[in-house]
Every structure is written in C-alpha cells, then in structure tokens.
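Asks: There's a structure below that I have some questions on.
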Amino acid sequence: MWVFLVILISGSYSFSSAATLPACNSTGCPTGGIWSEWTITGNSNCSTSCGSCSSLYYTRSCLSQRAGCNCTGDTSRYIPCNSNPCSYPSQRTCCIPYVPMISNGSYICGPIPTDKSSTTTACCPTGGLLSPWSYYGRNDANTLWIRTRECLTSDIGCACTDSLSESVTACPCPATMTNIGSICDNSNYEANQFVQIVVNDTKCEATVQLQATNYINSGNSDKVIYCNHDGNYTSYGTPIILFQMSPNETKAKTCDFDRPFDCSIVSATAASHPSVPVSFTCDLTSNTWQYDYNGWHVTGYNQPQLLYT
C-alpha cells in the first residue's frame, strides 16, 4: 500500500537570484557579505531520475571579499537532484530523509536543504563594491598610463557608481624625491649636494646628476671632496650617494649608501665639477622609485661630501 504524506511549505527551494536586490540601508559591507549564486561543480548529471535520491555538488564564491568584505556561510554544499516524487512501481516515493511536499505549487521530495550558516542580508551596497585598483600600464597608443578596477557586484545586478578606469599622462611614481638633508648624516658624511630627479614620463624612468669631481675645497678647516679615495675603495675614488628607504623596502635600515661608479674618467684638476647620471625605474606595483644599480626602493637621496681634516 502506498501512503502519501503531503506537507505544504512556503518559500522557495530554488537558488536565490540577486537581479532585483533592494538597496542596503547603510554604506560599506553588507551583513554577511555578498555571495555569487550557487553553481554546479563537477559532474552535472543526476544519477537517479526521481525522489531526491541523488545529489549534485554546488559551490559559490564570496564576491565582496576582494573589496574587504568577508562572507558568512559555506562555500559548498550538496543539493538533491531530480526532486520529483517517484511513481509506481518504485518502492519509495522519496528517498530517506525526504518526504512528499508541495512547495511553490510544485509537488517535490523535500525539504530542500537551505544554507543555514549564511547571515547575508540580501541588498545592494550603496555605490556597489569595487575591487582594488590594478597596477598602472601603458595604453596601446603609448600616450597614457592607465589603471582599472572591477565592479564586483555587477553580476548580481548591483551597479557601481564610481569610475572603473583612471588615466594619467605623468609617470605614476612621484615627480620629485625628498632632499633628506641631515636625516642620514654620520661622522664620515655630510649631506650637501642635491638636485631634483628628471623624470621621463613615457618610460617611467628618472635620472639624477651626481657630482663626479675630485676637486678639493681646502678653503675651510675641513677639506670637502665629492669623488676621491674613500678608504682606498678604488684607486680613482668614488662618489657616495645616501638614500632614504621607502616603507616597502625590505632592508632593515632607514638609510643606506652606495658607490655607483668610480671617477677614473675625471681629471684630478676638474674644478668645473663634472657630473655623471644615476638612474631609477618606477616600480609600478608600488608606485615607488627603484634604484637601478641594486634594486632598492627609495624616497629620497643626497650626495654627501667626504670630510677630511
């Protein structure tokens, strides 16, 4: 004998569509974040034809996570498939633990599991949710630096109001470096020479001219020179360049120095103070200048005089 137990339930067992979400009452992250819709992952063929006797594997992703809004709930679940009740001569109308019921006017084997762990408030955040900006890149015409971002909520019907792209003609790295003055002075060096960097906006490269003379100023009690023997580092002498490190630099030091070249090409009587360039390249992942000689990320510099008493 067949016994049909029919249970009437309200609500929907289908997956929620967010195409008509109302606006949230507040700005920022919606409660519980914003999920994508559930989608079948893996085999999409149901192995049985009725009774909610088999399940398919569904997954979803947290759309708002890239905007800093975490989601509450599970990322995967199994949902019974082919939920229509089985007909005679099947041994069961529905497979355990499901029972015949009516949901939204349809006769099914249910109840269909719901995502009880989610606390998402279904609403569109004000202005939508945006991904972080991409790194700057050159446009096809080689005239602009462009960066973009995504509207993370567009697929669920929640538009973003702010721009998705931004372009500049100048290199994204700072147009100037800091004159570090006395920040990096010590007993051997006195910060003295500073000229501003010259930026090539098309290539996002910069150069600065270092004094490359071994002319000795002996008019004061201390002799000051830019390019001479520094502990016999080379037979020709070297200039020193002091750097202030960028916060994203991995070096532990706040200040450090380098000897970018020797002065073998400079005359011993070069009172005209010749200069030699050193170069930098914009690191577009952080928009900070990177010293080409060793890769340091720097925000300021100065060329000290060597002090001789």
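Here, each number is a calculation from the coordinates, and none is a lab measurement. Note that the structure is predicted; figures quoted are calculated from it, not measured. Every residue, glycine as well, gets a Cβ built from its backbone with ideal geometry; the counts of neighbours run over all protein chains shown.
Asks: Compute the signed sum of charges (Lys and Arg +1, Asp and Glu -1) over the other residues within less than 14 Å, Cβ to Cβ, of Asn294. Kindly include the intermediate steps, with their values, before the conclusion.
Replies: On the way: positive: Lys251, Lys253, Arg259; negative: Glu249, Asp256, Asp258, Asp283, Asp292.
Within the 14 Å Cβ shell, the charges total -2.
Asks: Could you sort the peptides 28-40, 170-182 by per-residue average Cβ neighbour count (10 Å cutoff), highest mean leading?
Replies: Values: 28-40: 18.2, 170-182: 15.9.
The most tightly packed comes first, giving 28-40, 170-182.
Asks: Determine, for each peptide in 75-83, 195-203, 294-302, the mean count of other beta carbons within 10 angstrom over its residues, then list the peptides with the highest first. Numbers along the way, then the final one.
Replies: Values: 75-83: 16.6, 195-203: 14.3, 294-302: 19.3.
By packing density, highest mean first, the sequence is 294-302, 75-83, 195-203.
Asks: Turning to a different aspect of this structure: With each pseudo-label sitting 7 Å past Cα toward Cβ, what's the Arg138-Thr59 distance in nm, one decimal?
Replies: With each label placed 7 Å out from Cα toward Cβ, I get 3.8 nm.
Asks: Where does the charge balance sit around Arg149 when Lys and Arg score +1, Asp and Glu -1, over other residues with C-beta under 14 Å from its C-beta?
Replies: The answer is -1.
Asks: Kindly state, to the nearest 0.05, the FRET efficiency for Arg259 paired with Ser165, given R0 = 35 Å and r defined as their beta-carbon distance.
Replies: The formula returns an efficiency of 0.20 here.
Asks: Could I ask something else about it? If Lys and Arg each add +1 and Asp and Glu each add -1, what is the summed charge of the other residues whose beta carbon sits under 14 Å from the beta carbon of Thr207?
Replies: Charge balance near Thr207 sits at -2.
Asks: Using a Förster distance of 35 angstrom, determine the FRET efficiency expected from the C-beta separation of Ser87 and Ala23, and round it to 0.05.
Replies: FRET efficiency, Ser87 to Ala23: 0.15.
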